[in-house]
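Notes to accompany the following structure.
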Amino acid sequence: MTASTVTQYRPAQRPGRDGFAQLLRAEWTKFRTVRAWVIGLVIAVLVMIGVGLFGASAGGSSCQAVSGGPVRTGGACAPTFPAGPGGEPVTDSFYFVRQPLAGNGSITVRISSLTGLLPPANPGPVATDTRPGLVPWAKAGIIIKESTRPGSAYAAMMVTADHGVRLQNDFTGDTKGQPGAVTTTSPRWLRLTRSGDTVTGFDSADGTHWTQVGTVHLSGLATTVQAGLFATSPEYSVISQNFGGGGGGSILPSQATAVFDHVGRSGTWPASAWSGGYIGAAGGSGIGKYHQASGRFTVTGSGDIAPIVAGSGNSGDPGKTITDHLVGTFAGLIAVIVVATLFITAEYRRDLIRTTLTATPRRGRVLAAKAIVISSVTFVAGLVAAAAGVIIGAQVSHARGSLVFPVSWLTEVRVIAGTAALVAVAAVLALALGTVLRRSAAAVTIVIVAIVLPYILGVASILPVGASEWLLRITPAAAFAIQQAAVQYPQVNALYTPTSGYFPLAPWAGLAVLCGYAALALILATIMLRRRDV
């Protein structure tokens, strides 16, 4: 008997990337051939755009007669805020005691006192009494400014009520100097030196030993600029927390008074005398004056030199950010969550999952293919909706006379792409929970409660601020931080809360929270899918 050799059969096509590509193609075919799922994504896109456009058009037609606020032109509200050197809307209002400086030079002063007046602690509708005190960012010092036009470039060395010495420039720049408040026993010496477009700030405790605080570049600075002493004081805000969430209060003017002496100058100063006057809208308040005697200047002013903060309501702010044009994201997410959940639970309901797993026994690959397909299609849908919402929303807001706060192109790309990523990762989370629970209603409910509900509670003034921030830190709704376009400035006191468009986490950190939840759910779904019979 002759022994024979049996050769094991080897298929011509080995499993690998080609096999997974075929699996992806099969899952994509499943998705696109189910009309209800495609329609569901289209609805999600339309809802995101539609609700966002409603948000863009809301509130743009009402005008308030406030100093520095909007005025009605042609049936719409046209904002009259000056624009800073970077194009951002700003408040540029202060009392200025100045002389022209021709070319390079410097100015040095000592400030021996900074005092002020605040509105009454419990202001009534006709209250006129004041009380001594300063708001935290009351400020006085020396400034080199391109011109007296509000919004023009500047650099200033200043003392503040609660934040020590600062070098500030062009409204958004802020550098710390010596800490501590100014008193008669602890004065502050300040110096600004100009060399071309470069201005350098110094401070000193004794006028002998100087410390450089910083150097700033004021692009295109004119040969002759205005330089001198200033004082200003932001509005005094009284904010109260309403029961169940939200807030209320009042915003009233305050004033600051500074005493300057040892005023020294170098360079070319053509004028023989100082002149005083208001820059900006706060001059209408009547709070502002200066007195000069024996080399000593006492300057009183009100207003602020700072960027307008989106969502704070300061100075009658009617502005919107591109985040307001994406307010429909939460509504579109509901449709996306339903579609993503049905992408897996429909197979369980119709018992088609057995066929799928028989064709592809490696169950983890099946779930991975479904996750890639659903995340890809929802990312594209979210990208289209977000881009359309931002572009069209800006046009609608401008047409209705609302101020739209400018952002850099990098921020705009981050917001649009981040919104698409939020939608895609939420879809993967819904898919994973659908795999774990195998029930559409339960999975959809859990994901909506985890993402959409905390977002609504957090931004709708329903909960106290602390509770809202807590929800938007630890729940998947933290991902909405990716949409934040408003800038938080340390030198501006405002309500930096979720209601005003500010999230407690950084944009990518917030999205990472949702990604973490989705990854854990996907791991759990893979384990359970492998251990079950089906």
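List of remarks:
- Modelled spin labels at Thr211 and Val42, positioned 7 Å past Cα toward Cβ, are 6.6 nm from each other.
- Lys, Arg +1 and Asp, Glu -1 on Cβ, resulting dipole of the chain about Cα centre, debye, nearest 20: 2180
- Close amide-amide hydrogen proximity is noted between Gly164 and Gly180, each under 5 Å apart and 5 or more residues distant or on a separate chain (H modeled in the peptide plane; Pro and chain starts excluded).
- Label-point gap, in nm, between Arg349 and Thr175 - each point 7 angstrom along Cα→Cβ: 6.4
- Here's the list of aspartates and glutamates a cross-link from Lys30 could span, going by alpha-carbon distance under 12 Å and ignoring same-chain residues fewer than 8 apart: Glu347.
- Farthest toward the positive end of the dipole of the chain, out of Val436, Thr223, Ala102, is the Cα of Val436, where the dipole comes from beta carbon charges about the Cα centre.
- Aspartates and glutamates whose Cα lies under 16 Å from that of Lys139, excluding same-chain neighbours fewer than 8 positions away: Asp92, Asp162, Asp170, Asp174, Asp203, Glu235, Asp304
- Rounded, prolate or oblate (a/c below 1.5 giving rounded, otherwise prolate when a/b exceeds b/c) for the range 474-525 by Cα gyration tensor: prolate
- For Tyr502, residues with placed amide H under 5 Å, excluding near neighbours: Thr497
- Span-rule helices in the chain, defined as complete DSSP H runs reaching 18 Å or more along the axis (Cα) with Kyte mean at least -0.5: 35-57, 329-349, 363-399, 409-437, 440-459, 507-531
- Contact order relative to length of the range 90-307, as percent, for alpha carbon pairs under 8 angstrom and 6 or more apart: 34
- Answer label, with percent of Cα pairs over 36 Å apart calculated from the coordinates and candidates (1) 48; (2) 36; (3) 29: (1)
- The range 153-242 shape via C-alpha gyration tensor axes, a/c threshold 1.5: oblate
- For the chain, the mean residue ellipticity at 222 nm estimated from helices alone is -12500 deg cm²/dmol, where every DSSP H run of n ≥ 4 contributes -39500 (n - 2.57) and the total is divided by all residues, rounded to the nearest 500.
- Modelled FRET efficiency - R0 25 Å, Trp409 with Ser57, Cβ distances, 0.05 increments: 0.50
- Cα lying deepest toward the dipole's positive end in the range 90-307, options Thr257, Ser237, Pro179, charges on Cβ: Thr257
Each value in this text was obtained by applying a stated rule to the coordinates, not by laboratory testing. Since the structure is predicted, the reported quantities are computational estimates derived from the model, not experimental observations. Glycine also receives a Cβ, built like all others from the backbone with ideal geometry; neighbour counts cover every protein chain displayed.
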